[in-house]
Amino acid sequence: MTRRCIGLDVHRDFAQVAIWQDGLVRQAGQIAMNAEALAVFADSLAPTDEVALEATGNTNAIVRALRGRVARVVVGNPQKTRAIAEAKVKTDKVDAEILAQLLAADYLPAVWVADEATQVRRRQVARRAHIVRQRTRLKNQVQAVLHRNLIPRCPAADLFGIKGRAWLAEQPLPADERQAVSALLRQLDFHGQELKLIDQELARIALRCQDTKRLMTIPGVDVTVAMSITAAVGDFSRFPSPNKLVSYLGLNPRIKQSGGQPASHGRITKQGRAHARGMLVEAAWVAVKTPGPLRAFYARVRARRGMQIAVVATARKLTVLCWHMITRGEDYAFARPSLTAKKLRALELKAGHRPRRGQKGSAAAYSLKDVRAREKQMAEHAERAYRQLVADWQARAPRQQVGAAAANGTRLSRPSAGQAARQASVPEPALRSGVDHAHDPR
């Protein structure tokens, strides 16, 4: 049989089918998007056929139904399929035809299809994020009721704790507002129980995942952040360099360069999974408050670019750090052992392990002030060493050429001006287990 490439323009209820064969494309009608229709369609395909479709909500189910029945299934990136996005005539038949042609030419930008375990982890992380958003929405509605009735702020630290709810019950509210607050609190309690269940399931998965426990050795990274990263990335080995992982998570800046002009750097691309990127930024906010090289890196960038850019740069540094740790199989070089043991023990308790009251466990050292002070001193020493390393590195770093002179090998008599030139003059540091090492100028 000759080679056949099949394009599927997938929708909620149906998919348009186009078949490329011997340089010609013909339309093959529509198939319903249900398990029975997909099974019949899969039986009609030959083992040498190739199928292409764009990434959408039901892509994983379609891939599962077709995988093993055909030679390969390629999932295209909709943002990079410009032949479809920029077409003057855009219909379902045209989209399916273009997908088949791009697959035949092997010019379809493909995305990685996660395995079943990674997809399960992604769905659970997404469900937890949804529950957290629902709880935040309910809390904001309660605060809005108090605000519009001129109720002062709650003196308790947590309005929705035991003391806060007791204070809330004593406030003078109209009858309808009192009913609304009671209904919101009931919904909040329900979502709290759901959050407890999903956290327990995620903790059980994390205990079996070595990568998640390794990432938790970084100060500021708890099980929620570690699970979000591992669920979004999946297999770290599919990224040949940390910059590829940074680009996958959308933490790399936009770059524009043309002709002999120097490159201009803009805001980050924000491509990829927004939840994992947000978790990395949240972890960066915690990491910059903890003694260590990451705090020194944040302070150095903040002095030049400001707080917001510095924390995003720290999130990017965390991403690079995670890639090196997982690919090398190493824990964080400046981890605090007692803090890491405390995290792991809390993870075990969250997973449902029995508490050992009255017995010293692996996390007992964290309760000792001397141990915490000694580990803090070690982290502060690492931070000072990083500052000195960067100071020495910047003092002897050679000037880098930018623009047309760099491309032609011509030496510039003076450095180029502008923000892009200042950025280009800083060499890319090599990260090894959480610390920057200067490049050898030789």
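Using a Gaussian network model of the chain whose springs link C-alpha atoms within less than 10 Å, name the residue from 219, 152, 355 with the highest mean-square fluctuation. Ranking 219, 152, 355 by mean-square fluctuation puts 152 first. Calculated [222 nm] ellipticity per residue, helices only, for the chain: -17000 deg cm²/dmol; basis is -39500 (n - 2.57) per DSSP H run with n ≥ 4, divided by all residues, nearest 500.
Note on residue 305: accessible area is roughly 80 Å² with a 1.4 Å probe, heavy atoms of protein only. Of 391, 203, 351, which is farthest along the charge dipole of the chain in the positive direction, counting Lys and Arg as +1 and Asp and Glu as -1 at C-beta? Selected residue: 391.
About its Cα centre, the chain has a charge dipole of approximately 1960 debye under the convention of +1 per Lys or Arg Cβ and -1 per Asp or Glu Cβ, with nothing else charged.
Result for the chain in a Gaussian network model with C-alpha springs under 10 Å: among 65, 333, 114, the largest mean-square fluctuation is at 65. Taken about its Cα centre, region 168-319 carries a charge dipole of about 1200 debye when Lys and Arg each add +1 at the Cβ and Asp and Glu each add -1 at the Cβ. State whether the chain is rounded, prolate or oblate according to the following rule on the C-alpha gyration tensor (a ≥ b ≥ c being the square roots of its eigenvalues): a/c under 1.5 gives rounded; otherwise a/b larger than b/c gives prolate, and the remaining case gives oblate. In terms of gyration-tensor shape, oblate.
Rolling a 1.4 Å probe over the protein heavy atoms leaves residue 54 with an accessible area of roughly 40 Å².
Hey, what D do you get for region 49-188 in µm²/s if you plug the Kirkwood alpha-carbon radius into Stokes-Einstein at 37 °C and 0.692 mPa s? Stokes-Einstein gives a translational diffusion coefficient of 166 µm²/s. Working note: Karplus 6.51/-1.76/1.60 with θ = phi - 60° gives region 254-271 the couplings 6, 10, 10, 8, 8, x, x, 7, x, 6, 10, 9, x, 6, 5, 6, 6, 8 Hz, where Gly and Pro are set to x. Report the Stokes-Einstein translational diffusion coefficient (µm² s⁻¹, integer) for region 200-265, Rh taken as the Kirkwood radius over Cα pairs, at 37 °C with viscosity 0.692 mPa s. Diffusion coefficient, whole number: 233 µm²/s. Overall, region 270-405 carries a charge dipole of about 360 debye about its Cα centre when +1 sits on the Cβ of Lys and Arg and -1 on the Cβ of Asp and Glu, all other atoms neutral. Under the combined filter of DSSP loop state and at most 14 neighbouring Cβ atoms within 10 Å, region 246-303 retains these trypsin sites (Lys or Arg not before Pro): 270, 289.
What shape does region 1-76 take by its C-alpha gyration tensor, where a ≥ b ≥ c are the square roots of the eigenvalues and a/c under 1.5 counts as rounded, a/b above b/c as prolate, and the rest as oblate? Since a/c reaches 1.5 and a/b is larger than b/c, the shape of region 1-76 is classed as prolate. DSSP bridge analysis restricted to the chain gives an antiparallel fraction near 70%, rounded to the nearest 5.
In this rough spin-label picture, where each label sits 7 Å from Cα along the Cβ direction, the residue 271-residue 354 distance is 5.2 nm. When the chain is treated as a Gaussian network with alpha carbon springs shorter than 10 Å, the biggest mean-square fluctuation among 198, 151, 131 belongs to 151. Over region 105-255, the Kirkwood radius and the radius of gyration, each from Cα atoms, give a ratio Rg/Rh of 1.13.
The values are calculated or read from the model by the stated rules, or taken from the named source; none is laboratory data. All figures in this text were calculated on a predicted structure; none of them were measured in a lab. Counting neighbours? That spans all protein chains shown, and the Cβs are built from the backbone with ideal geometry, glycine included. We work out accessible area using only protein heavy atoms, side chains counted, and drop any ligands, DNA or RNA first. Shrake-Rupley method; radii C 1.70, N 1.55, O 1.52, S 1.80 Å.
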